[in-house]
1. Please state which one of B:Phe345, B:Phe334 is in contact (Cβ under 8 Å) with a residue 24 or more places away in the chain, farther than 25 Å from B:Ile155 by Cα and touching a strand residue (DSSP E or B) at 6+ places or on another chain (Cβ under 9 Å).
2. Could you list all residues from the range B:221-262 that are of a type in the set (S, T, N, Q) and either open to solvent by less than 10 Å² (accessible area, probe 1.4 Å) or under 29 Å from B:Ala191 (Cβ atoms) (or both)?
3. Please verify whether the range B:85-104 includes one or more residues that are exposed (fewer than 13 other Cβ atoms within 10 Å of the Cβ), under 30 Å from B:His20 (Cβ atoms) and of a type in the set (Asp, Glu).
4. I'd like the residue in the range B:142-159 that is within 14 Å of the chain's Cα centre (by Cα) and not aliphatic (A, V, I, L, M) and, out of all such residues, is farthest from B:Phe330 (Cα to Cα).
5. Scan the range A:32-43 for residues that are more than 8 Å from every other protein chain (Cβ to nearest Cβ) and touching a Phe, Trp or Tyr at 6+ places or on another chain (Cβ under 9 Å) and report the count.
6. If you check every pair at least six apart or on different chains, which have Cβ atoms under 7 Å apart with a residue in the range B:1-25 that is polar (S, T, N, Q) first and a residue that is outside any helix (DSSP H, G or I) and open to solvent by 30 Å² or more (accessible area, probe 1.4 Å) second?
7. Taking the range B:62-84, which residues are surrounded by fewer than 13 Cβ atoms within 10 Å (Cβ to Cβ) and part of a loop (DSSP other than H, G, I, E, B)?
8. Can A:Met66 be described as surrounded by 14 or more Cβ atoms within 10 Å (Cβ to Cβ) and more than 12 Å from chain B (Cβ to nearest Cβ)?
Amino acid sequence: MTEKIYDLNQLEQLSGGSEEFIKSMIDTFIEHTPEQVDKLKESYNNNDLKSMGAIAHKIKPSLDLMGIKEVYDDIRKIELYGKNEEDNEELSTLIEKVYTVCNTAFQQLKADFNI
Amino acid sequence: MNGIKIFVVEDDSFYGKSLHHHLSLNPEHEVETFTTGKDVLDNLYRKPSIITLDYSLPDISGKEVLSKIKEFDQDIPVIIISGQEDVSTAVDLLKHGAYEYIVKDNDTKDRLWNTIVNIKEKIQLKNELSILRDEVNTKYEFSNIKGNSQILKKIFGLIDKAANTNITVSITGETGTGKELVAKAIHYNSARKKKPLITVNVAAIPKELIESELFGHEKGAFTGAVAKRIGKFEEANGGTILLDEIGEMDLHMQTKLLRVLQEKEISRIGGNEVIKINVRVIVATHKKLAEEVKKGNFREDLYYRLLGLPIELPPLRDRGNDILVLAKYFADEFAKENGMKDVSFTAEAQDKLLNYSYPGNVRELKAIVELAIVMAGNTKIDAEDIAFNSTNSMTDFLFSETTLKEYNRKIMKHFLEKYDNNVLLVAKKLDIGKSTIYRMIKNGEIEI
């Protein structure tokens with residue numbers, strides 16, 4: 001098995017020991033976030049930077065809480081580019097990275113929690 | 001404290017869920033999550049104790065939701081939780097009544113927790129305060145001014161009018177007629193009731209100190225001013241100030257007071273800062289101010305300024321049956337306080353109460369009734385249990401039950417003393433021949 005991209009430390013802390021809560025949070029995460037990540041990429045491709053920024057803003061706390069640390073800075077950069085409606089080369093790399101990393105995280109979570 | 005209802009407004013269900021869970025860790029918290037602005041606004045009627053609000057909602061902007069919540073009830077603390085760290089937005093929201101602005105990051109839940117603990121403390125204090133305030137309010141409800149006389153009903157009408165406006169009120173009446181009670185009734189039934197009612201007894205403060213008492217002073221303004229002091233006007237800001245015994249104020253101070261009332265601003269002694277004040281003024285006096293104006297003891301312009309709505313409290317002796325209503329009320333209160341059974345007055349006792357002149361008015365009646373209960377030692381108060389303190393009262397006089405001749409002698413003696421043994425004047429006053437008086441003096445019935 002490859003190294004885990006996610007880290008449930010923070011979520012566990014928050015749960016106060018409730019397995020049920022952790023499970024339900026992961027369910028919610030898997031239910032909603034993949035769709036948002038797709039949209040993130042989509043809006044970038046459509047050059048709708050404003051929506052892209054808004055989506056980044058929205059999913060940022062979830063990614064933080066699920067401990068997907070690899071994209072911690074990236075998602076913030078995307079949000080800022082979106083807010084300023086500024087496109088540049090870095091942005092396409094960032095989008096691609098966030099997309100890939102998140103999807104790997106989704107796969108891992110689904111496998112680990114039998115979703 | 002139990003049942004803190006927290007509304008979490010968060011469109012991201014994942015984050016909303018985590019907040020919900022986090023806040024539910026304390027069993028006192030009753031947490032509900034809403035995903036849109038409209039949803040939470042539709043549920044405000046259920047009176048949440050605290051609302052946490054995500055700034056970027058899909059339907060309505062966070063700022064608008066905030067202002068709608070504040071419109072509904074400005075006392076609900078709203079904690080803004082936002083993904084963006086934009087200082088100007090934060091400042092703007094705080095200005096518009098947000099309780100706290102928390103950014104979504106790793107510290108969010110701790111900060112939120114601390115904020116909620118703070119709010120809970122505040123709510124508790126507020127509840128205590130409002131319980132105490134209600135207690136005070138009931139104490140000064142109209143129904144606590146006892147009596148059924150027509151003259152009193154008229155006064156209730158005036159109090160009501162005064163309470164509904166900010167007009168200056170001048171209360172006159174003999175000592176013990178309840179001037180302070182009326183001032184309190186006005187204040188606690190007015191829109192200012194949540195702000196302080198400050199009472200200043202002008203007669204009780206040395207005239208050198210009154211200015212600093214009313215307007216305050218800065219540190220070092222005069223010898224002995226070792227610290228800054230806030231004056232009574234400033235303390236009463238937003239509320240009511242009662243200037244009792246205003247007739248005793250000296251002319252110099254009257255000038256200053258007039259200026260303050262006209263400009264609606266004060267400055268502390270020795271200070272340059274001008275402080276705007278919004279205070280309703282109630283003045284009370286046992287003197288007839290109009291007469292003081294004539295005598296030159298009271299400034300005419302100030303008199304008119306203060307006259308406002310005049311309320312003249314009748315002396316107790318003019319309130320007829322109210323004497324018995326009040327006597328019964330004070331008796332019941334006293335009995336209750338001292339764990340005694342219901343107290344009643346015999347017909348003779350009632351008669352005696354009704355025939356007294358009460359120079360000390362209601363305050364005196366209260367003292368008389370309380371003493372009578374103690375003297376009676378049982379629940380039936382008889383005439384002989386009632387003792388009046390004033391020496392030359394008519395009732396005591398009549399209750400001495402002596403011969404008509406003796407009554408004559410007493411009356412004559414009283415008048416001679418009063419008019420410096422001026423026999424001619426006394427004869428005229430009593431409409432009797434002066435020889436009658438001379439004869440009594442000659443017979444040794446009276447001495448002059």
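1. One residue alone meets the criteria, B:Phe345.
2. Listed by number, the residues that qualify are B:Asn237, B:Thr240, B:Gln254, B:Gln262.
3. yes
4. Per the criteria, the residue is B:Phe142.
5. 5
6. B:Asn2/B:Glu28; B:Ser13/B:Thr35
7. Scanning the range B:62-84 gives B:Asp73, B:Gln74, B:Asp75.
8. Answer is no for this residue.
The values are calculated or read from the model by the stated rules, or taken from the named source; none is laboratory data. What you are looking at is a predicted structure, and each value in this text was computed from that prediction instead of being measured. Positions of Cβ are generated from backbone atoms using ideal geometry, with glycine treated the same way; all protein chains shown enter the neighbour counts. Just the protein is used for accessible areas: all its heavy atoms, side chains included, with ligands, DNA and RNA removed. Shrake-Rupley method; radii C 1.70, N 1.55, O 1.52, S 1.80 Å.
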